[in-house]
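The values are calculated or read from the model by the stated rules, or taken from the named source; none is laboratory data. Only a predicted model underlies this, so the values are computations on that prediction, with no experimental measurement involved. Please note: Cβ atoms are built from the backbone with ideal geometry, for glycine as well, and neighbour counts cover all protein chains shown.
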Amino acid sequence: MADAAGGRSRAAARHCRRVRDSRERGSAASCLAQPPPSRSEWNTMTNNAAYSRLNPHMAGVRRVDYAALQDRIDAGYLMLGWADPFFPDPCLPEHVIAAAKATLDEGGAHYSLPIGSPQLRRTIAGKLARVNGMSIDPDRELIVTPGSDTGLWQAMQVVISPGDEVLNPVPSYPSNVRNVELMGGVNVPVPLDAERDFALDLDALRQRITPSSKLIVLTQPNNPTGTVHDRATLEALAKIVIDHDLLVVVDQAFEDVIYDGREFVTFATLPGMRERTITVFSLSKGMAMSGFRIGYTVAAPEIMAIMHGTAVNILGAANTAAQAAAVAALQAPSFVDGYRRTFAARRKLATEIFANVPGVRFSAPQAGLMLWLDTSSLGNSRDVADHIAQKARIIVHPGENFGGIGSGYIRIMLSALRDDIAFADALRRTADCLGSFDPQN
């Protein structure tokens with residue numbers, strides 16, 4: 001018994017040393033996502049009665065060292081890895097701030113309905129009709145969520161049972177893959193076509209459909225690649241969905257920023273897709289309201305009835321003052337045009353800067369706030385990200401977290417910092433680091 005306890009202690013100690021060592025090395029990539037304990041270490045640790053009672057789907061996730069990440073933020077590292085527009089600087093227009101403050105003065109300490117305030121739901125319904133071409137009942141086809149992450153979790157949990165196969169075009173937002181695993185589903189990666197700007201490969205998707213397939217998770221526009229899937233591709237995908245009796249969860253967080261006049265299609269508006277699609281939206285990206293944590297989900301009444309019924313269990317209720325701010329933003333959204341101009345200019349600048357870095361390849365994003373850089377000729381994404389953090393004190397997102405071929409890529413956000421000159425300097429410092437990277441050193 002003493003030997004077993006000693007083995008557990010040594011296994012735990014080895015894992016703690018890996019976390020500590022990553023802090024001492026200043027490894028930004030490692031603090032974003034620590035690897036879980038090795039299989040042998042975990043097997044030893046789970047001999048302990050407490051560990052053995054943990055949910056194995058949860059226990060096996062990557063560890064995230066948030067304390068190390070906060071240390072770097074406090075030390076002045078620039079965050080080009082987070083999709084939080086203009087972080088860490090103020091950016092909201094006065095009418096949005098005023099709406100939140102007024103609500104606090106008028107009883108904003110109280111709950112709204114768990115599905116969102118009536119005023120916000122009606123305002124969202126107006127936006128959906130105006131922007132997305134969707135006519136919905138705000139009482140029966142809509143729910144407000146505390147950010148789109150919780151919305152994605154609820155949308156997927158409504159569908160996925162243990163053992164269900166979920167088709168996930170990758171690379172994709174990490175939670176869209178990880179949620180499947182945490183729910184006991186079987187994640188089936190479908191590689192996007194890198195030679196066609198990461199377009200959907202419908203043949204690859206068809207080949208992976210089995211009798212156990214239940215759901216497709218589509219990120220539109222794609223995060224991290226910035227790809228906008230065109231109408232013809234989505235219509236062909238809709239036919240596959242009907243032919244194989246599938247459902248679709250669409251992560252539409254980056255819909256507000258589309259470049260070059262490209263058509264953006266909301267998948268649920270295609271024939272036959274309204275009743276098969278759960279669409280998750282966010283105010284965090286295009287409206288730069290990340291800290292307010294407001295998202296919303298749209299689905300057919302039969303599906304939404306389940307989401308309403310589980311709202312307290314999964315969501316609680318979105319912050320009341322944040323909902324008031326969201327109403328103000330959606331009713332007077334012209335400020336977003338200025339953000340779009342900023343992101344477009346930064347996209348142009350970033351493509352000019354990184355075009356001159358040897359060994360780096362990319363396509364200009366079609367949408368969104370990110371640049372997806374192929375650095376595979378330099379090394380793996382974690383080493384490249386660590387090099388940038390150590391040399392430039394800039395944190396970028398290693399691509400391995402996005403699945404697929406992401407281990408050869410890094411994601412750089414075009415939305416960090418409010419000051420354009422400071423942002424341009426950060427881009428140039430990042431490019432200099434990539435130009436000087438030596439995988440042997």
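Return the pair list, or none, for Cβ contacts closer than 7 Å from residues in the range 214-229 that are outside the structural domain of residue 264 (by TED's automatic domain parsing) to residues that are modelled with pLDDT under 95, at least 6 apart or on different chains.
Here the result reads none, with nothing in the range 214-229 linked to a residue that is modelled with pLDDT under 95.
Only one of these is touching a residue at least 12 places away in the same chain (Cβ under 8 Å) and in a strand (DSSP E or B): 373, 378. Name it.
On inspection, the qualifying residue turns out to be 373.
Within the range 319-364, work out how many residues are in contact (Cβ under 8 Å) with a residue 40 or more places away in the chain, aromatic (Phe, Trp, Tyr) and touching a strand residue (DSSP E or B) at 6+ places or on another chain (Cβ under 9 Å).
1
Consider the range 162-194. How many of its residues are outside any loop (DSSP other than H, G, I, E, B) and under 19 Å from residue 237 (Cβ atoms)?
So the count comes out to 16.
Considering only residues that are touching a residue at least 40 places away in the same chain (Cβ under 8 Å) and surrounded by fewer than 18 Cβ atoms within 10 Å (Cβ to Cβ), look in the range 68-81 and name the one that is farthest from residue 426 (Cα to Cα).
Per the criteria, the residue is 71.
Suppose we keep only residues that are assigned to a loop (DSSP other than H, G, I, E, B) and small (Gly, Ala, Ser) within the range 405-441. Which one would you say is nearest to residue 70 (Cα to Cα)?
Going through the qualifying residues, I end up with 416.
Please specify each residue of the range 56-107 satisfying the condition of being in contact with a strand residue (DSSP E or B) (Cβ under 7 Å, 6 or more places away or on another chain) and assigned to a loop (DSSP other than H, G, I, E, B).
62, 64, 65, 77, 80, 81, 82, 83, 87
Give the residues of the range 93-102 that are surrounded by fewer than 20 Cβ atoms within 10 Å (Cβ to Cβ) and either among the hydrophobic types (A, V, I, L, M, F, W, C) or over 19 Å from residue 292 (Cα atoms) (or both), sorted by residue number.
Residues satisfying the conditions are 97, 98, 102.
Limited to the range 197-232, what total is found for residues that are among the hydroxyl-bearing types (Ser, Thr, Tyr) and in contact with a helix residue (DSSP H, G or I) (Cβ under 7 Å, 6 or more places away or on another chain)?
Here the count works out to 1.
Where in the range 292-364 are there helices (runs of 4 or more DSSP H), lying fully within it, with 2 or more residues that are under 25 Å from residue 269 (Cα atoms)?
301-309, 320-331, 335-354
Step by step: first the residues of the range 387-404, then only those that are part of a helix (DSSP H, G or I), more than 21 Å from the chain's Cα centre (by Cα) and not hydrophobic (A, V, I, L, M, F, W, C), then the one that is surrounded by the most Cβ atoms within 10 Å (Cβ to Cβ). Which residue is that?
If we take residues in the range 387-404 being part of a helix (DSSP H, G or I), more than 21 Å from the chain's Cα centre (by Cα) and not hydrophobic (A, V, I, L, M, F, W, C), then 387 is surrounded by the most Cβ atoms within 10 Å (Cβ to Cβ).
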